[in-house]
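Below: the structure, in structure tokens.
The values are calculated or read from the model by the stated rules, or taken from the named source; none is laboratory data. Just so it is clear, the structure is predicted and the values come from calculations on it, not from any experiment. Here the Cβ positions follow ideal geometry from the backbone for every residue, glycine too, while neighbour counts run over all protein chains shown. For the accessible areas, the whole protein counts, side chains as well, though only heavy atoms, and no ligand, DNA or RNA atoms are used. Shrake-Rupley method; radii C 1.70, N 1.55, O 1.52, S 1.80 Å.
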Amino acid sequence: MYKILVVDDDELMRISMTKIISSVDGFQVDYIAKNGREAVEICKNNQVDIIFMDIMMPVMNGIDATREILSINPKANIYIVSSYQSFEMAKSAINSKIKRYFVKPVNPEIIVEILNNHREDKDNKENSIAKRVFDTISEKDFMKVYEMIDELVDEIYEISKDSDLRTVLKEISDKVFISVFHERDYNFEEIKNKFSISDKAVLDKRMLSIWIFKIMDYIFAEISSSKYAILKNVFKYIDNKIGEDISLKDIVKDCNISQGYLSRIFKKELNMTIMNYIHLKKINLAKEYLCMTEKSGAEISFEVGYNEFSYFCKVFKKYEGMTISEYRNV
């Protein structure tokens, strides 16, 4: 649901706008303000997708309120709805920052058109990200996917500046899952529940990157295992032993597979060696410890199966481009 704020000192206008907005699927008026000061306070403390703002109001007028809201969120979607007299004043005062102006009485069809256009624009951006993720996954290059994660996080944050991040994440991940698994017999609800979005992932870019990594890892494991059943046992073994010092010999012995065959099919499906893959898994688990605990680097090194702290530091910097302490303090 997109969250709308209606700001007007006229009760009948507030009721009318609420009725029009609520008639459009996916939109609802979550916040009502009777003056500009109330609107500013709402925007300081809540995520608002779209604001419909009157101009002539007591306490604080719509022009001053708009300036303050734009200083809080420069990408705020603000639409001015006012009488003809104040309309001309508003155009000259804040013309470049406002999405659109309307003179009362408002035509319901225009409001409906604006809401639908807003949804379409956001959907197009989400579709673009989801398609790029799917295309990259289709190249069967796990390292390439890994290297695009931070860029994805920045893009997702960017399109979420005037929307709810949790909703954007859910919609993009759903699109990716459907694109990847639509021809396979999968329970989509079960997959979605497996990757529920934590508050930490919403508040911390590092945790969001880790969350995305887990999704990508799951997708690659599922696709690869559907082609080579033996890989299901391999991925399971790695997951179960990720906190230990895993060797290729351990894997082939436990999974009863030849080393040459395993190396060949793993390279074919992920375009990397199995040991590089294990390093990536361990590093992302280490990143989670760095974000979520106060454990020292040496303690974390042991937790993820590296017996030598210096080697762990070397591997971490190789894949992350920064030291452990630098990552923790980002």
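Some observations on this one:
- Relative contact order (percent, whole number), region 253-309, Cα cutoff 8 Å, 6+ residue spacing: 20
- Each semi-axis of the equivalent ellipsoid for the chain is √(5λ) with λ an eigenvalue of the Cα gyration tensor; in descending order they amount to 50, 22, 14 Å.
- Full extension of the chain between S310 and E158 yields a length gain of 51.0 nm, computed as 0.36 nm times the residue separation minus the alpha carbon distance.
- Alpha carbon convex hull of region 1-59, volume per residue in cubic angstrom: 61
- When the Gaussian network model of the chain links Cα atoms closer than 10 Å, the mean-square fluctuations of N45, N73, N127 top out at N45.
- Protein-only accessible surface order, largest first, of T18, T66 at 1.4 Å: T18, T66
- Potential lengthening of the chain between E189 and N107 amounts to 25.5 nm, from the contour at 0.36 nm per residue minus the alpha-carbon distance.
- On Cα atoms only, tilt of 230-241 relative to the major axis of the chain in degrees: 80
- Between L203, L12, L165, the Gaussian network model of the chain with springs among Cα atoms under 10 angstrom shows the greatest mean-square fluctuation at L12.
- Point-to-point label distance, V330-K140, nm (Cα→Cβ direction, 7 Å offset): 3.0
- Per residue, the convex hull spanned by the Cα atoms of region 252-330 measures out at 110 cubic angstrom.
- D199 paired with S128, simple spin-label distance in nm, labels 7 Å along Cα-to-beta-carbon: 3.3
- Residues in the chain average 51 Å² of solvent-accessible surface per residue, probe 1.4 Å, ligands and nucleic acids excluded.
- Inter-part distance where region 194-218 and region 265-306 are each reduced to a Cα centre, Å: 15
- Relative contact order of the chain, defined on C-alpha pairs under 8 angstrom at six or more residues apart (%): 11
- Most fluctuating residue given options D250, D217, D49, as computed from a GNM of the chain linking Cα atoms under 10 Å: D250
- For I178 and N73, a Förster radius of 30 Å and the Cβ-Cβ distance give a FRET efficiency of 0.45, rounded to the nearest 0.05.
- Residue separation of N271 and R166 scaled by 0.36 nm, minus their Cα-Cα distance, works out to 34.6 nm of gained length.
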